[in-house]
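For reference, the structure is listed below as structure tokens.
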Amino acid sequence: MKHIVALIFIILPIFGLNAETASEQAAKAYQDGNFRKAIEVLETEIKAQKEQGKVSPELFYNLGNAYFRVNEVPQALLNYERSLLYNPGDRDVRHNIEYAQTKIEDKILTADNFFLQMWFDGVQNQTTANNWAKWAITFFVIFVAALFLFFFSPKLNLKKAGFYAAIVCLVVVIFTNIFAYRQKNKIENRNTAIVMAGSAPVISAPNTTSKELFILHAGTKVVINKIDGGWYEIEIANGSIGWVQKEKLEII
């Protein structure tokens with residue numbers, strides 16, 4: 001079922017769930033306005049899938065919608081981000097994240113990034129690691145075929161076509177492999193989190209006597225740079241860095 005568009009999802013009582021018993025129960029609870037029941041069922045289903053080594057971005061998405069309906073925006077953002085982690089090309093999830101972020105206290109301006117880095121990340125986030133790997137394999141096969149054409153074709157124009165096609169395919173293979181690796185690494189080595197506490201003081205060093213630099217509030221996304229005991233060194237979107245207690249955050 002098609003995902004719910006950001007400007008509509010708050011009032012549209014439809015879930016994009018698979019036709020499974022638990023999912024049907026969650027969808028019915030959601031449609032009946034029993035969002036707490038929907039949350040309970042979805043969390044149980046997600047836990048069961050994790051135990052089986054499975055992940056459903058759609059379940060995280062729907063759980064985020066249910067949490068938003070009970071005004072638990074930090075939990076909604078956490079689950080939207082988890083959905084996006086496994087399905088980075090989903091524009092509806094991105095729209096919902098942007099909308100939910102308007103409901104949190106912290107309004108942090110993003111630091112200017114190098115244009116090529118922004119472009120590279122934007123292309124990478126169009127799809128999943130598995131899809132990038134499939135593209136890499138496809139273009140590698142074409143690359144081999146182009147080399148065959150270059151080395152064995154008796155016609156000069158076909159040799160030239162094979163040569164240039166091989167170069168293009170090789171470049172594509174390199175980049176698609178890089179994208180696949182980076183997307184896989186984002187899942188296996190998670191270094192982003194959502195502030196879950198109402199307020200989270202960010203201090204200059206990992207101890208309670210250090211100077212307070214600023215305070216973050218529930219729903220803000222951070223990048224984790226280091227771990228020191230019960231502390232995370234975090235970085236926010238504007239580039240500011242500091243230490244916050246682990247229990248204030250939840251890893252995406």
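The values are calculated or read from the model by the stated rules, or taken from the named source; none is laboratory data. For clarity, every value in this text was computed on a predicted model and none was experimentally measured. Every residue, glycine as well, gets a Cβ built from its backbone with ideal geometry; the counts of neighbours run over all protein chains shown.
Test of understanding: among TYR232, TYR164, which residue is out of contact with any Leu (no Cβ under 8 Å at 6 or more places or on another chain) and at pLDDT 95 or above? Spell out the reasoning first.
Numbers: TYR232 fails: out of contact with any Leu (no Cβ under 8 Å at 6 or more places or on another chain).
Among TYR232, TYR164, only TYR164 is out of contact with any Leu (no Cβ under 8 Å at 6 or more places or on another chain) and at pLDDT 95 or above.
So, restricting to strands (runs of 3 or more DSSP E) that lie completely within the stretch 145-252, which ones have at least 3 residues that are touching a helix residue (DSSP H, G or I) at 6+ places or on another chain (Cβ under 8 Å) and touching a residue at least 40 places away in the same chain (Cβ under 8 Å)?
Working: elements: 192-195, 199-203, 212-217, 221-228, 231-235, 241-245, 249-251.
Filter on the stretch 145-252 gives 192-195.
Restricting to the stretch 158-183, give me the number of residues that are under 13 Å from VAL123 (Cα atoms) and among the β-branched types (Val, Ile, Thr).
Number of matching residues: 3.
Is it true that some residue in the stretch 143-163 is under 30 Å from ILE251 (Cα atoms) and not β-branched (Val, Ile, Thr)? If you could, list the steps in order and put the result at the bottom.
Step one: filter the stretch 143-163 for residues under 30 Å from ILE251 (Cα atoms), giving none.
The answer is no; no qualifying residue exists.
Filter the stretch 48-94 for residues that are of a type outside the set (S, T, N, Q) and assigned to a loop (DSSP other than H, G, I, E, B); which is farthest from the chain's Cα centre (by Cα)?
The first filter runs over the stretch 48-94 and keeps only residues of a type outside the set (S, T, N, Q), leaving 48, 50-51, 53-55, 57-61, 63-64, 66-70, 72-74, 76-78, 80-82, 84-86, 88-94.
Pick out the ones that are also assigned to a loop (DSSP other than H, G, I, E, B) and you get 53-55, 70, 72, 88-90.
On the way: GLY53: 18, LYS54: 16, VAL55: 13, VAL70: 23, GLU72: 19, PRO88: 5, GLY89: 9, ASP90: 9 Å.
Checking each candidate, the answer is VAL70.
Tell me yes or no: at least one residue of the stretch 238-251 is of a type in the set (Phe, Trp, Tyr), closer than 30 Å to ASN130 by Cα and modelled with pLDDT of 95 or more. So that I can check it myself, show each step before the final result.
Filtering the stretch 238-251 for residues of a type in the set (Phe, Trp, Tyr) gives 243.
In the following step, the residues that additionally are closer than 30 Å to ASN130 by Cα were identified as none.
No, the conditions are met nowhere in the stretch 238-251.
I'd like the full set of residues that are surrounded by 13 or more Cβ atoms within 10 Å (Cβ to Cβ) and among the charged types (D, E, K, R), limited to the stretch 93-110. Explain how you work it out, then say what you get.
Of the residues in the stretch 93-110, the ones surrounded by 13 or more Cβ atoms within 10 Å (Cβ to Cβ) are 93-97, 99-101, 103-106, 108.
Scanning the stretch 93-110 gives ARG94, LYS103, GLU105, ASP106.
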